[in-house]
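The values are calculated or read from the model by the stated rules, or taken from the named source; none is laboratory data. Everything numeric here is computed off the predicted structure, so don't read it as measured data. Methodologically, a virtual Cβ is constructed for each residue, glycine included, from the backbone with ideal geometry; neighbour enumeration extends over all protein chains shown.
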Amino acid sequence: MGQIKEQKTKKKRYRLYGALVLLLGLAIIVLSFLILFHTQAIEVEGNEYSSKEEIVQLIKKDKYSFNTVYVWVKYMAGKGEKIPCLEKMEVRIRRPWILQVKVKEKPIYGYREGKDGYDYFDGDGYLIHQDAKQIEKVPVFEGVEWKEMKLYEKVKTDKDQLFEKMLQVSGEMKERELYPQKIKGEDNRISLLLGTVWVQLGSSATAEQIAQIPPILEKLGDQSGTLHLENYEKNSKIITFRIGELPEEVKNTE
């Protein structure tokens, strides 16, 4: 009987020892995982106007962001946050301790010049960026009164419908790789400045009207003046160019 009890005791010890070894092994694996995949750096690519620091801080806001695998899985599952000025944000593990973030920013459709710099908005009329520097190939919007400007919120004006139409015109211009310096709304009519050519689109400002601009500019060469497209319609193909005719506001900037 004593020998049987001793054998049972040994088996219990072996089992306990085996369990301890297993737990120790698991602890070593977990610890190694946490150390190896501990976030030490976050790299950001694709940002031109958005802040790298803001993107990094957004990721770090999660209390478990110290682990690169956790962050990667979170964004792969579509649970990760992104700042409102981004269309897309992808996260991958470049090295076990380095996260690589690739972003695609929303295109900027226009800006207004404020007291402290420039306020930039997207195609939906949201304020997506504020900067002391002027971004190239972005038109200034004039002719509406700005009521409220809050970052990442909808821009409010005294003529919201006109503002939306100006955004549509800016989008049509971008599609054709045309970059006006200015888009102006006045009395529900839209005009824009392309180099030294003042283009009047009128109240309709259709895509068909805008499609006429590139071939006309090519023919005009270096001539300056006003291009009248306000009467161009499906049933009336009237286009007039008046050489040297420019608004005073444009003449004063030449």
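If you scan the range 35-56, which residues turn out to be assigned to a helix (DSSP H, G or I) and among the charged types (D, E, K, R)?
First, pick out the residues of the range 35-56 that are assigned to a helix (DSSP H, G or I): 35-36, 52-56.
Across the range 35-56, the qualifying residues are Lys52, Glu53, Glu54.
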Which residues, taken from the range 185-212, are among the acidic types (Asp, Glu) and crowded, with 23+ Cβ neighbours inside 10 Å?
none
For the range 127-144, give me each residue that is surrounded by fewer than 19 Cβ atoms within 10 Å (Cβ to Cβ), more than 21 Å from Glu249 (Cα to Cα) and without any contact (Cβ under 8 Å) to a residue 60 or more places away in the chain.
Gln130, Ala132, Lys133
Among the residues of the range 167-181 satisfying the criterion of being part of a loop (DSSP other than H, G, I, E, B) and touching a residue at least 40 places away in the same chain (Cβ under 8 Å), which is nearest to Val199 (Cα to Cα)?
Pro180
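If we scan the range 158-166, do we find a residue that is among the basic types (Lys, Arg), at pLDDT 95 or above and either crowded, with 16+ Cβ neighbours inside 10 Å or not in a loop (DSSP other than H, G, I, E, B) (or both)?
At the first step, the residues of the range 158-166 found to be among the basic types (Lys, Arg) are 159, 165.
Now restrict to residues that are at pLDDT 95 or above: 165.
Cutting the leftovers down to either crowded, with 16+ Cβ neighbours inside 10 Å or not in a loop (DSSP other than H, G, I, E, B) (or both) gives us 165.
Yes.
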Those residues of the range 94-120 that are free of Cβ contacts under 8 Å to residues at least 40 places away in the same chain and either surrounded by fewer than 17 Cβ atoms within 10 Å (Cβ to Cβ) or part of a strand (DSSP E or B) (or both) come to a total of 10
Which numbered condition in (1) modelled with pLDDT under 95; (2) of a type in the set (Lys, Arg); (3) surrounded by 13 or more Cβ atoms within 10 Å (Cβ to Cβ) is the only one that Lys147 fails?
(3)
